[in-house]
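These notes concern the structure reproduced below.
The values are calculated or read from the model by the stated rules, or taken from the named source; none is laboratory data. Source: prediction; values computed, not measured. A quick note on method: Cβ atoms are made from the backbone with ideal geometry, for glycine too, and the neighbour counts reach across all protein chains shown.
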Amino acid sequence: MVTVEADVGLVESRLVAGRVVCSECQGRLRPWGWARPRGIFGLVGVLRPRRARCVGCLVTHVLLPVTVLLRRAYAVELIGAAIVARAAGWGHRRIAERIEVPAATARGWLRVLGSRLEPVRTWLGQVTRRAGVDQPVPKAQGSAWTDLLAALQTAKTAVTGRFGSLGVLGPVTVWQLAAACSTGRLLSPGWPPGRWAGQATPVAPDVG
């Protein structure tokens, strides 16, 4: 799976031009059909991700836009809203009512992320450093949830500071950045890895 920008037209043009790289071998990806269509709560219309195949290792990939997370039926912005509310001290039932999702769904998101707050914060710090733009280390905010939000904002500032407001994958929100630098795996089992393994979306733009 490879994370790409939300603009379908830009994804297609980069793919046809050979400017999307394989996450396995860094070879060039070429069009290879489409993944199954799916409805995503919080997004307009039906999402049908592009599929691509590497000309080098022949591995196929789904090109997942930064607006969603892997195997989640809700837009990343909705999940992000739940995380922000949790950092403000809200319980999962109140959060679920506010963003209009089932209470069990909100509880599941928060339990998963709550079990990995420090590793994710550390990962975001590594993303900030890879951007190559000096940023002060965020001060402790009083809770692990607010520390995570501070680290996420710092990472976004570093990435946009290096590449401008359009970044690498077009204009992104902090939650789309979270989707990008986790390759859609923010809430997936086994993420983040125990140490930096180069699995985040590269902060350097693709080369010609």
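Looking for something in contact (Cβ under 8 Å) with a residue 40 or more places away in the chain, part of a helix (DSSP H, G or I) and either within 30 Å of residue 27 (Cβ to Cβ) or more than 16 Å from the chain's Cα centre (by Cα) (or both) - is there at least one such residue anywhere in the range 85-96?
Checked the range 85-96: at least one residue is in contact (Cβ under 8 Å) with a residue 40 or more places away in the chain, part of a helix (DSSP H, G or I) and either within 30 Å of residue 27 (Cβ to Cβ) or more than 16 Å from the chain's Cα centre (by Cα) (or both).
Residue-by-condition table, conditions (1) buried (at least 21 other Cβ atoms within 10 Å of the Cβ); (2) outside the structural domain of residue 120 (by TED's automatic domain parsing); (3) in contact with a Lys or Arg (Cβ under 7 Å, 6 or more places away or on another chain); (4) modelled with pLDDT under 70:
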position: 143; (1), (2), (3), (4): no, no, no, no
position: 150; (1), (2), (3), (4): no, no, no, no
position: 193; (1), (2), (3), (4): no, yes, no, no
position: 207; (1), (2), (3), (4): no, yes, no, yes
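Output the residues belonging to the range 28-45 that are in contact with a strand residue (DSSP E or B) (Cβ under 6 Å, 6 or more places away or on another chain) and among the β-branched types (Val, Ile, Thr).
Answer for the range 28-45, where residues must be in contact with a strand residue (DSSP E or B) (Cβ under 6 Å, 6 or more places away or on another chain) and among the β-branched types (Val, Ile, Thr): just 40.
Taking the conditions exactly as written (without any contact (Cβ under 8 Å) to a residue 60 or more places away in the chain and either assigned to a helix (DSSP H, G or I) or surrounded by fewer than 20 Cβ atoms within 10 Å (Cβ to Cβ) (or both)), does residue 110 satisfy them or not?
yes
Residue by residue through the range 11-47, note down the ones that are over 18 Å from the mean Cα position of the chain (by Cα) and of a type in the set (A, V, I, L, M, F, W, C).
Of everything in the range 11-47, those that are over 18 Å from the mean Cα position of the chain (by Cα) and of a type in the set (A, V, I, L, M, F, W, C) turn out to be 15, 16, 17, 25, 29, 32, 34, 35, 44, 46.
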